[in-house]
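Written out below as structure tokens is the structure these notes cover.
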Amino acid sequence: MKVLNLLRETSTLLAPMFCAYCSSFMSFFLVKLQVMDGGPDPSLYPLHRCKTIHVVRHAQGLHNVEGEKNYKAYLKPEYLDAPLTQLGWQQVDYLRKHVHASGLSKRVELVVTSPLLRTLQTAVGVFGGENYMNGMNALPLMAANVGNSGRASISSLNSPPFIAVEDCREHFIETDEDVQWKADVRETTEELAARGLKFLNWLWTRKEKEIAIVTHSGFLVHTLSAFGNDCHPSVKNEMGTRFANCELRSMVIVNRSMIGSDVSTTNYPGKIPSGLDRLVEEEAPISI
């Protein structure tokens, strides 16, 4: 119920990126929703009330290897901030190649990541600069061999800015370091979903229009499950199916409220220069 109330209050719509196009002069986003009765129900939204997000689950972590053997391993303290495995780093390398080949690396304006090590490593490995070298005119994003990765330092040269945000991390687990944890209470899936919606609303306070988000499977499953109920089941399934390690999906957020409202950069008001409307008489063609 808490999640449904948040959806009503925020009026946020999430849809796969391929469902849209925009036009010039007055720019809109056309999102094609197919309602449950099977009939098409297209919706039109101003382009400046939309953001494109590229959602990424972290690459394989050490906890994933142990968790596949025994699910209870996910709750062990030693795996709460697990680093990537060597296979995980290979997954990062492959996604990085895709991000550059598809042109995403040039379009992403901001990278938002969970503050846990596996998401930080994935975010920097995919969207960061090249290997850092002494004398380079850019600060390193990641030092060498972080998490015993055996990887070289990664620079910030030609990379977008990065922000680590608590609200997009995995379930809060009770530890001495977990400052957001409520004593003697485990975060429920509904609370996690509500935190996810709070995070999406925070995105509207950002000026960037194209944002990459690197986070966790549980966070994505429970957050995205709140969306797509007015879509065809295949569309909802496309958004909400559990992410594989290092999987990327591109979506759009449509702001149907006034949260973070900004001015369009592409709309044109017309009537410039202004003046009285009048008909222009054309001369009749001269017969020869």
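A few comments on the model shown:
- When the charge dipole of the range 50-100 is built from unit charges on Cβ atoms (+1 for Lys and Arg, -1 for Asp and Glu) and taken about the Cα centre, the candidate among P83, G67, H100 whose Cα reaches farthest toward its positive end is H100.
- Highest average packing first - 83-90, 151-158, 233-240, 129-136, Cβ atoms within 10 Å: 83-90, 151-158, 233-240, 129-136
- A 1.4 Å probe run over the protein chains yields, for the range 37-136, 49 Å² of accessible area per residue, whole-number rounding.
- Across the range 151-167, coupling constants 3J(HN,Hα) worked out from phi with the 6.51/-1.76/1.60 Karplus curve, θ = phi - 60°, read 8, 6, 5, 10, 8, 9, 4, 6, 10, x, x, 10, 9, 9, 10, 4, 5 Hz, and Gly and Pro carry x.
- If only the Cβ of Lys and Arg carry +1 and only the Cβ of Asp and Glu carry -1, the dipole of the range 35-129 around its Cα centre is close to 240 debye.
- Highest to lowest packing among 160-170, 194-204, scored as the average C-beta count within 10 Å: 194-204, 160-170
- Cα-based shape type of the range 40-157, given that a ≥ b ≥ c are square roots of the gyration tensor eigenvalues and the cut on a/c is 1.5: oblate
- Links that overshoot a 32 Å alpha carbon limit, given the list K97/K207; K69/K207; K97/K209: K69/K207
- Carbon/sulfur fraction of accessible area - the range 73-129, other protein chains in place, 1.4 Å, %: 58
The values are calculated or read from the model by the stated rules, or taken from the named source; none is laboratory data. Please read all numbers here as calculations on a predicted model, not as lab measurements. Reconstructed Cβ throughout: ideal geometry from the backbone, glycine too, with neighbour counts over all protein chains shown. These area figures cover heavy atoms from the full protein model, side chains too; ligands, DNA and RNA do not enter into them. Shrake-Rupley method; radii C 1.70, N 1.55, O 1.52, S 1.80 Å.
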